[in-house]
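To start, the structure itself, in structure tokens.
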């Protein structure tokens, strides 16, 4: 990725991320995924990034999650320590729940603690059980993932993400495979439980982005660039009103341009 990328710690552990003139290309391809990408991810709020499928949203998030370090070209000058040096500050929630099928719900939530100090086991179990209460799955703690519905599995994945208690939470279309009501409820739940975290949500759904974003970027073009859009003044998660519907229509017109 090209350009300058800076991370600065804000009060109470919140973290902001700034990418300037970003450039990313996979090493096994001549195709540039994006360039001249400028994104300012503010500390302690939700930043939503939307765009058509294949525009580079997930590549950007996976790069930030340190999942592409040896696969891409990211050239340029960094103004401070790169995000890959802050890997312990990041929690990543993928579109698929990625639960371990041989582990119980409780053990899946505890997965990130397996190599922690043994004197913290009791505290970790209490925290995991509390999270399962918050996501409404306390009675399913000893179930296996295959015994759960899709919505329940995503709630387990959310609890597992929260268990890590990181200042940066990266979410790659985690609700896209769910029915409308379950998606709506999980959006509200995630927003409630991730208060004061720096959240980056990748989505292809304009309505979801409008509901949850404190700031909203749209990625367009090939190679892709990002543009900051205005969001309604109401506090997220928003009810979908006339202003939101008008913004959604504007976004749809913008996205259509990438299909012409």
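Which order, highest average first, do 178-185, 221-228 follow once you tally other Cβ atoms within 10 Å for each residue and take the mean per peptide?
Ranking the peptides 178-185, 221-228 by packing returns 221-228, 178-185.
To one decimal place, what Kirkwood hydrodynamic radius in Å is obtained for the range 89-184 from all pairs of distinct Cα atoms?
Result for the range 89-184 stands at 13.5 Å.
Sorted from fewest to most neighbouring beta carbons within 10 Å, what does the list 212, 194 look like?
194, 212
What is the distance in Å between the Cα centres of the range 150-179 and the range 12-63?
When both Cα centres are located, 20 Å separates them.
As I understand it, the value is the acute angle between the Cα axis of helix 150-164 and the longest principal axis of the Cα atoms of the chain; what does it come to in degrees, rounded to 10?
Value to nearest ten degrees: 90.
Which percent, nearest 5, of DSSP beta bridges in the chain are antiparallel?
Of the beta bridges lying entirely in the chain, close to 50 percent run antiparallel.
What are the semi-axes of the equivalent ellipsoid of the range 176-218, taken as the square roots of 5 times the eigenvalues of the Cα gyration tensor, listed largest first and rounded to whole Å?
The equivalent ellipsoid of the range 176-218 has semi-axes of 16, 14, 8 Å.
Choose one answer from 140, 122, 71: the residue with the largest mean-square fluctuation in a GNM of the chain with alpha-carbon springs under 10 Å.
Result for the chain, Cα springs under 10 Å: 122 fluctuates most.
Could you tell me which of rounded, prolate or oblate describes the range 193-260, using a ≥ b ≥ c as the square roots of the eigenvalues of the alpha-carbon gyration tensor, with rounded for a/c under 1.5 and, failing that, prolate when a/b is larger than b/c and oblate otherwise?
oblate
Which percent, nearest 5, of DSSP beta bridges in the range 166-260 are antiparallel?
The antiparallel fraction comes to roughly 50 percent.
Compute from the Cα atoms of the chain the Rg and the Dmax, the latter being the longest Cα-Cα distance, and quote both in angstrom.
Here Rg and the maximum Cα pair distance are 18.6, 59 Å.
Could you calculate the FRET efficiency of residue 120 with residue 66 from 1/(1 + (r/R0)^6), where r is the beta carbon distance between them and R0 is 30 Å, rounded to 0.05?
Calculated transfer efficiency: 0.75.
Give the Cα extents of the range 132-249 along the principal axes, in whole Å, largest first.
Cα extents, longest axis first: 45, 30, 27 Å.
Among 230-238, 62-70, what's the highest-first ranking by average C-beta atoms within 10 angstrom per residue?
Going from most to least packed, we get 62-70, 230-238.
From the P(r) of the range 144-209, could you give the percentage of C-alpha pairs in the tail past 16 Å?
Taking all Cα-Cα pairs of the range 144-209, the fraction more than 16 Å apart is 45 percent.
Helix 121-134 against the longest principal axis of the chain: what's the angle in degrees, Cα atoms only, rounded to the nearest 10?
70
Each value in this text was obtained by applying a stated rule to the coordinates, not by laboratory testing. As the structure is a computational prediction, the values presented were derived from the model and not from experiment. Note: ideal-geometry Cβ built from the backbone for every residue, glycine included; neighbour counts use all protein chains shown.
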